[in-house]
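Remarks on the structure that follows.
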Amino acid sequence: MAEFYSLRVNGVDREVVDAQLGESLLFVLRERLGLLGTKGACEQGECGSCSVLVDGELVCACLVLAAAQSGRDIVSIEGIAPAGVSTDVQQAFVDAGAVQCGFCTPGLVMAAHSLLERIVDPTDTEIREELSGNICRCTGYGRLVEAVANVAKTRIALGGNRG
Amino acid sequence: MADSGVATRQRPGRIGDSVVRPDGREKVRGEFRFSSDLPVEGALWGATLRSVHPHARIKRLDVTPAWKIPGVEAIITADDVPGKSTYGLIFADQPVFASEVVRYVGEPLAAVAADHPETCRKALEAIIVEYELLDPLTDPERAVDGSHPPIHPDGNVIRHQRVLCGDPDATGPVVVEGFYEMGMQDQAFLGLEAALALPDPGGAGVELHVATQAMHEDLHQIAACLGLPEDKVRLILAGVGGAFGGREDLSLQVHTCLLALRTGRPVRVHYGREESFLGHIHRHPARMWMRHHATADGRIIKIEARFVLDGGAYASTSSAVLVNAVTHTQGPYVCENAVVDGWSVRTNNPPCGAMRGFGVVQACFAHEGQMDKLAAACGLSAVEIRLRNAMRTGDRLITGQVVENVAPVERCIRETDALPLPDEPIGGFGDDPMRLPGGAGLTADRGHIRRGIGWGVAIKNMMYSEGFDDYSTARCSLADGVATLKFATAEVGQGFVTIAQQIARTLLGVDDVQLDRIDTTIGSAGSTSASRQTWMSGGAVDMACRRVRERLFEHVGRMWSVDPIRLVVDGDSVVDSSDSSRRISVADATAGQRFEETAEYHHPPTEPLDENGQGDCHTAFAFVAHRAVVDVDPELGLVKVIQVATAQDIGVALNPLSVVGQLEGGIAQGLGLAVMEEIVMQDGKIRNPSFTDYLLPTFLDMPPVVASLIEEPDPRAPLGAKGIGEPPCISVTPAIVAAIRDAIGKDLSRVPVRPQDICL
Ligand code: FES
Ligand code: FES
């Protein structure tokens, strides 16, 4: 049975046509809307690779039905930075060596932005706790923690100017 | 390495700089395309039907009901494999699709292609399979003792290898022995198996976009199974989301190509996480016994050992994993006498093969347990017993091979020992329950927690062994001030692409180094495994760039009428070393010119082991030490690793930033093996094929790592640098287990250490 609905993704209303019942937000973002930056590595809410923001909340896109997100404001990795520009978090990930294979990276960028919105000056333990829903198999997390701490420090030094 | 062609003035982005990845920006922006990110107009989805029994005869396989489902475009079984019906990295013993018998849970029986993943799922459900159950062989000891009938025409023993060295009757006043066991670990790379196959018109050939570790190893096996000449099968490396050994064997490659060729349409196959657990090989579970004989002051006289590695249903790389295990029995210690017996065997468990550390992880867990026993028996510290026995360059291994590489074992131990211990008291400085074992949810009682410290030291071979010529090929071209590199080296996340650019920038004085597509239109680079790509493909890129530079110098020499031998690269220019006022930028010198060279780098030949395990079978070695500090709640059986200290023999830090990333990432995987990661098998079935039940280290499980990089350039390595990928995950596992033993005084002999092992 085909479904028809629209989703507001990265500030744009997108129509979803020919969807089958029960498709997850992850599947629809990737396969119907062509937004391939959001990754799936478990489809069980265990790895955080599929993290997106829905009405400002960090959500595992694999766990929610796409059709149920109509009327909400969805931000995926493609919408976190203006075209051609990287956010401070994205730049810090590259500079700190926090990226290896990069499969976990989009989800972690989303989670790190969400974390730094909520906690301006997180401790090491807070960073680890807040990001513990995101698995990275390559880095052992050390460079990721450093990248997030660097962003927090820089933002504070700049007086809350969010890059 | 000394290089007479480069003056000292260097621009950034060269060897030794912490250069960031060329693909980093794409990756953080979600623009990097992994093998699962390749939608193509009109592509079909493919899916695989798998056995649900560990051992059974296939009485009936009826696909006709699946054809009735609208949207199904192809159904293929063993009968549809046009070429060779089996494949394998060393022995072609694994069927593309099972035909008469299934030998493990998850073995492919059929594949379908359809318009939607959901249609595929329904089609697989509709296929009728009737099995006649056979007695499964799940205990590897029964394969060793021959008490189970063969489950495969090749028999139940994949390989038996002895190592006999020196005096088998030697003994000493101190004798310690122990049994050790290791569970089955999964690579758990995050980017699930996925591929896109595009058929050529008329089915004359196929193009496969796939995430793999070894382009040409894949190519040889795929082409043989498809019954196509190798030039009709083109592999293109799609973005690889981690590998760690789990992409060394074929998984979906042949199935995807067959479906595309059958339908004449593009086909995408994506595994889910559960299918990934079933669809790739794992780390060998091992049962090991060792007995060390030593002098009263702790010097090893003889080691006796027995290894049984469970290879699962098909051979994969089991025979090579076994050789690594038995030849690393002694660890990084001097030992003149040894009697070692090892088996890798076939069972009806899932096939096992390569995973980071490749047999040495198993051996190291046992030999490091033994070193601690020896220390206790001799009244020495964990550090002292290891220093006393530490191997040096020129020492002979139990295989008779002399270690010719730089071997700073003593320095690894001393530098690790010198790294500061954590100043954080048990439970952390504040009152944060997250600093306790088990975190906030498990309410460990601070007063009961005990701290322990443990050690592990390892030797690891690099490159392939036993006569295998695993060469690598690279091409460099230089035109208009831009260098372009081409190779088939699989970039799986480790950062070879960064290193390759650094090499070219350093040698050629250019900033702009383009990387051509990684595919099979150039010669083999071998596999991204065995810590070998920096050495082998780094060597090939280095060689190709040097040849191009010779051409550049000849060209400039002609322009200036000087002997090219006088020319050097200085900054971004070619300079006459006898008259430094004479200089021309590389960009100007190569304007309208094109110099192109291809190079193959081979390591010196090795030889197979003889029946007594003697022979110069390994190419080179690297060393590492780890010290772990843990807090343990003995009542709840919970462990929190507080710190890992390490000193690693890396030769040269070509890119210090990525060295640290490799060390930390490897340590996380070794930590996982020590305290949480295990594929739990029951009667041949995986009980936990999901990230809910197969536990991976998270941000909270991973402690800070303090590291010392030991840089003693290895004259045998083309760039002086050793491979750094595997050593970090090898001796950290025994170090963590030793720290738990130290904390609770229990003789733990199995990894992963489970709560019940601690508190019962
Ligand atoms: S794919 Fe959604 S949490 Fe893993
Ligand atoms: S970089 Fe590979 S999973 Fe995080």
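Counting each pair of different Cα atoms once, what's the Kirkwood radius of segment B:471-602 in Å, rounded to one decimal?
By the Kirkwood definition, the hydrodynamic radius is 14.9 Å.
From the phi angles alone, apply the Karplus equation (6.51, -1.76, 1.60; θ = phi - 60°) to segment B:184-195 and give each ³J(HN,Hα) in whole Hz, x where the residue is Gly or Pro.
Per-residue couplings from phi come out as 8, 9, 10, 5, 6, 4, 6, x, 4, 4, 7, 7 Hz.
Across all directions of projection, what mean area in square nanometres is found for the Cα convex hull of segment B:249-401?
The orientation-averaged projected area of the Cα hull of segment B:249-401 comes to 11.8 nm².
How big is segment B:53-162 by Rg and Dmax over its Cα atoms, in Å?
Looking at segment B:53-162, its Cα Rg and Dmax stand at 16.6, 57 Å.
At what distance in nm do the modelled label points of B:VAL482 and B:ASP154 sit from each other, each positioned 7 Å from its Cα along Cα→Cβ?
Spacing of the two 7 Å Cα→Cβ label points: 4.7 nm.
Based on the alpha-carbon gyration tensor of segment B:165-287 and its eigenvalue square roots a ≥ b ≥ c, which shape applies: rounded if a/c is under 1.5, prolate if not and a/b is larger than b/c, or oblate?
prolate
Extending each Cα 7 Å along its Cβ direction at A:ILE119 and B:ASP610, get the distance between those two points in nm, one decimal.
If labels sit at A:ILE119 and B:ASP610, their model points lie 6.3 nm apart.
Taking every pair of alpha-carbon atoms in segment B:621-701, what share in percent sits in each 10 Å bin, from 0 to the bin with the longest distance?
The calculated distribution, bin by bin, is 14, 38, 30, 16, 2.
Just the accessible area for B:SER658, please: 1.4 Å probe, Å², rounded to the nearest 10?
40 Å²
At 222 nm, what value in deg cm²/dmol follows for the protein assembly as shown if DSSP H runs of at least 4 each add -39500 (n - 2.57) and the sum is divided by all its residues, to the nearest 500?
Mean residue ellipticity at 222 nm (helix-derived): -7500 deg cm²/dmol.
Between B:ALA204 and B:VAL706, 0.36 nm times their residue separation minus their Cα-Cα distance comes to what?
Fully extending the segment from B:ALA204 to B:VAL706 adds 175.2 nm.
Taking the Cβ-Cβ separation of B:ARG517 and B:ARG392 as r and a Förster radius of 56 Å, what is the calculated FRET efficiency to the nearest 0.05?
It comes out at approximately 0.80.
In nm, what is the difference between 0.36 nm times the number of residues separating B:LYS746 and B:ARG582 and their Cα-Cα distance?
Difference between extended and current length: 51.8 nm.
Could you grab the relative contact order for chain B? Cα pairs under 8 Å, six or more apart, rounded to a whole percent.
Taking the mean separation of contacting Cα pairs over the length of chain B, I get 17 percent.
How many angstrom lie between the C-alpha centres of segment B:265-338 and segment B:135-155?
19 Å
Report the rotationally averaged projected area of segment A:3-79 based on its alpha-carbon convex hull, in square nanometres.
4.3 nm²
Please list A:ASP13, B:ASP310, B:ASP79 from largest to smallest accessible area, probe radius 1.4 Å, with all protein chains kept in place.
B:ASP79, A:ASP13, B:ASP310
Compute from the Cα atoms of segment B:508-551 the Rg and the Dmax, the latter being the longest Cα-Cα distance, and quote both in angstrom.
Rg and Dmax of segment B:508-551, Cα atoms, are 12.0, 33 Å.
May I ask you to work out the translational diffusion coefficient for chain B at 37 °C, viscosity 0.692 mPa s, via Stokes-Einstein with Rh from the Kirkwood sum over Cα pairs, reported in whole µm²/s?
Once the numbers are plugged in, D ends up at 121 µm²/s.
I want to make sure I understand the PRE zone here: with the label point 7 angstrom from the Cα of B:GLU550 toward its beta carbon, which residues in segment B:595-612 have backbone N atoms less than 20 Å away?
B:595-604
I'd like to compare B:212-219, B:175-182, A:15-22: which one has the highest average count of other Cβ atoms within 10 Å, and what's the full order after that?
Ranked from most to least packed, the peptides come out as B:212-219, B:175-182, A:15-22.
So if I restrict to the alpha-carbon atoms in segment B:641-751, what is the Rg, and what is Dmax, the biggest pairwise distance, in Å?
That works out to 16.5, 50 Å for Rg and Dmax.
Give me a comma-separated list of calculated 3J(HN,Hα) values for segment B:343-353, in order, Karplus coefficients 6.51, -1.76, 1.60 applied at θ = phi - 60°, integers in Hz, x for any Gly or Pro.
10, 10, 10, 9, 9, 8, 8, x, x, 10, x
Please give the direction-averaged projected area of the C-alpha convex hull for the protein assembly as shown, in square nanometres with one decimal.
The Cα convex hull of the protein assembly as shown, projected and averaged over all directions, gives 38.8 nm².
Pop out the ³J(HN,Hα) list for segment A:63-79 in order, Karplus 6.51 cos²θ - 1.76 cosθ + 1.60 with θ = phi - 60°, rounded to Hz; leave Gly and Pro as x.
With the stated coefficients, segment A:63-79 comes to 9, 10, 6, 4, 4, 6, 9, 4, x, 9, 9, 9, 10, 10, 4, 5, x Hz.
Peptide B:665-676: average number of partner chain Cβ atoms within 10 Å per residue?
Average neighbour count from other chains, rounded to a whole number: 2.
How high is the relative contact order of segment A:66-148, in percent, counting Cα pairs under 8 Å that sit 6 or more residues apart?
Dividing the mean separation by the residue count of segment A:66-148 yields 40 percent.
What distance in nm separates the two pseudo spin-label positions at B:ARG60 and B:ALA170, each 7 Å out from Cα along the beta-carbon direction?
Using points 7 Å along Cα→Cβ, the separation is 6.5 nm.
Given a Förster distance of 25 angstrom, what is the FRET efficiency for B:ASP693 paired with B:GLU125, based on the Cβ-Cβ distance and rounded to 0.05?
Plugging the Cβ-Cβ distance into 1/(1 + (r/R0)^6) gives 0.60.
Report the dimensions of segment A:88-157 along its three principal axes from the alpha-carbon atoms, largest first, rounded to Å.
Here the Cα extents, ordered largest to smallest, are 30, 22, 18 Å.
Once the Cα gyration tensor of segment A:48-104 is found, what semi-axes does its equivalent ellipsoid get, as square roots of 5 times the eigenvalues, in whole Å, sorted largest first?
Its equivalent ellipsoid spans semi-axes of 25, 14, 8 Å.
Can you pull the three principal axis extents for the Cα set of chain A, in Å, largest first?
Here the spans come out as 52, 31, 25 Å, largest first.
Carbon-plus-sulfur fraction of the accessible area of segment A:3-79, 1.4 Å probe, in percent?
45 percent
What shape does segment B:30-109 take by its C-alpha gyration tensor, where a ≥ b ≥ c are the square roots of the eigenvalues and a/c under 1.5 counts as rounded, a/b above b/c as prolate, and the rest as oblate?
Because a/c hits 1.5 or more and a/b fails to exceed b/c, segment B:30-109 counts as oblate.
Roughly how compact is segment B:250-290, stated as its Cα Rg over 2.2 N^0.38 Å to two decimals?
1.78
Rounded to a whole number of µm²/s, how large is the Stokes-Einstein D of segment B:39-86 at 25 °C and 0.890 mPa s, given Rh as the Kirkwood radius over C-alpha pairs?
Result for D is 180 µm²/s.
Partner chain Cβ atoms within 10 Å, averaged over the residues of A:67-78 - can you pull that number for me?
1
Provide a whole-number value for the mean count of partner chain Cβ atoms within 10 Å of the Cβ atoms in peptide A:86-96.
Mean partner-chain Cβ count within 10 Å for A:86-96: 4.
May I ask which of B:LYS122/B:LYS685; A:LYS39/B:LYS122; B:LYS302/B:LYS685; A:LYS39/B:LYS84 have a Cα-Cα span longer than 29 Å here?
Where the Cα-Cα span goes over 29 Å, the pairs concerned are B:LYS302/B:LYS685; A:LYS39/B:LYS84.
The values are calculated or read from the model by the stated rules, or taken from the named source; none is laboratory data. Note that the coordinates shown come from a computational prediction; the quantities given were computed from them, not determined experimentally. When we count neighbours, we look across all protein chains shown, and the Cβ atoms used for this are built from the backbone with ideal geometry, even at glycine. Each accessible area value is taken on the protein alone, full model and side chains, heavy atoms only, with ligands, DNA and RNA left out. Shrake-Rupley method; radii C 1.70, N 1.55, O 1.52, S 1.80 Å.
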